[in-house]
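Notes to accompany the following structure.
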Ligand code: ADP
């Protein structure tokens with residue numbers, strides 16, 4: 001049975017008033033397009049200043065900043081893998097990005113966290129492969145943790161939402 005603390009919604013992650021939203025960042029933490037650009041636009045320039053002080057984040061790891069003008073208190077910046085056809089450890093690195101984000105949340109007493117679909121935009125990771133990895137990694141983490149109360153998967157657009165719900169429902173029986 002999948003964990004009741006997991007939610008799948010369609011929407012814009014920058015609008016969520018949760019303890020932390022996760023950013024699909026790049027290794028330089030420089031701010032870019034996609035969800036990263038959207039988060040920086042709403043948070044304001046102080047977010048980039050704090051990111052520059054951190055100085056980067058290797059693929060599969062995560063770093064915490066304040067949320068500034070976002071409704072979320074914190075941003076957890078994680079770096080997913082760039083899709084290279086599936087031959088470069090991408091599945092393992094994607095799972096690591098989710099796990100590192102969750103571990104950082106627990107360390108900082110964060111109870112609610114929202115994830116975008118990491119790596120599935122400009123990094124090219126096929127969503128039908130990424131979604132089950134994301135869902136299983138979160139489910140398995142929650143099985144060992146009781147501080148996190150809500151983990152929200154934020155799907156950008158109806159197609160992504162339908163796809164996530166399909167894999168979410170499949171998790172009930174696997
Ligand atoms: P990456 O470089 O890790 O692929 P992107 O930002 O290009 O990151 O895309 C990651 C996912 O985030 C994509 O599935 C994209 O549709 C989605 N996305 C883009 N903007 C938003 C947003 N405002 N809220 C939630 N998800 C978003």
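The values are calculated or read from the model by the stated rules, or taken from the named source; none is laboratory data. Worth saying up front: this structure is predicted, and the values here are computed from it rather than measured. Glycine gets a Cβ as well: all are built from the backbone with ideal geometry, and neighbour counts include every protein chain shown.
In this structure, does residue 162 turn out to be more than 11 Å from the ligand (Cβ to nearest atom), free of Cβ contacts under 8 Å to residues at least 60 places away in the same chain and within 22 Å of residue 109 (Cβ to Cβ)? No: the conditions fail for residue 162. For the range 30-42, a residue qualifies if it is modelled with pLDDT under 95 and within 9 Å of the ligand (Cβ to nearest atom), and the qualifying residues are 32, 33. For the range 106-115, filtering for residues that are in contact (Cβ under 8 Å) with a residue 40 or more places away in the chain and in a helix (DSSP H, G or I) leaves 1. Just one of the listed residues (97, 103, 130) is assigned to a helix (DSSP H, G or I) and away from the ligand (no atom under 14 Å from the Cβ), namely 103.
Close Cβ contacts (under 6 Å, 6 or more residues apart or on different chains) running from residues in the range 1-19 that are without any contact (Cβ under 8 Å) to a residue 24 or more places away in the chain and under 18 Å from residue 134 (Cα atoms) to residues that are within 12 Å of the ligand (Cβ to nearest atom) and in a loop (DSSP other than H, G, I, E, B) are absent. Note on the range 3-29: among residues that are within 22 Å of residue 142 (Cα to Cα) and near the ligand (Cβ under 8 Å from one of its atoms), the one that is surrounded by the fewest Cβ atoms within 10 Å (Cβ to Cβ) is 24. Considering each residue of the range 45-61 in turn, none proves to be surrounded by 15 or more Cβ atoms within 10 Å (Cβ to Cβ) and near the ligand (Cβ under 10 Å from one of its atoms).
Listed here are the residues, each with its yes/no results for (1) more than 17 Å from the chain's Cα centre (by Cα); (2) assigned to a helix (DSSP H, G or I).
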| position | (1), (2) |
| --- | --- |
| 37 | no, yes |
| 40 | no, yes |
| 48 | yes, yes |
| 52 | yes, yes |
| 57 | no, no |
| 65 | no, no |
| 68 | yes, no |
| 71 | no, no |
| 75 | no, no |
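Looking at 126, 116, 132 in this structure, which one is over 24 Å from residue 48 (Cα atoms) and surrounded by 15 or more Cβ atoms within 10 Å (Cβ to Cβ)? Result: 132 is the single residue among 126, 116, 132 that is over 24 Å from residue 48 (Cα atoms) and surrounded by 15 or more Cβ atoms within 10 Å (Cβ to Cβ). Filtering the range 77-94 down to residues that are more than 17 Å from residue 28 (Cα to Cα) and part of a loop (DSSP other than H, G, I, E, B), which residue is farthest from the ligand (Cβ to nearest atom)? If we take residues in the range 77-94 being more than 17 Å from residue 28 (Cα to Cα) and part of a loop (DSSP other than H, G, I, E, B), then 87 is farthest from the ligand (Cβ to nearest atom). Residues that are over 12 Å from the mean Cα position of the chain (by Cα) and buried (at least 16 other Cβ atoms within 10 Å of the Cβ) within the range 135-164 comprise 136, 139, 141, 142, 148, 156, 160, 161, 163, 164, listed in sequence order.
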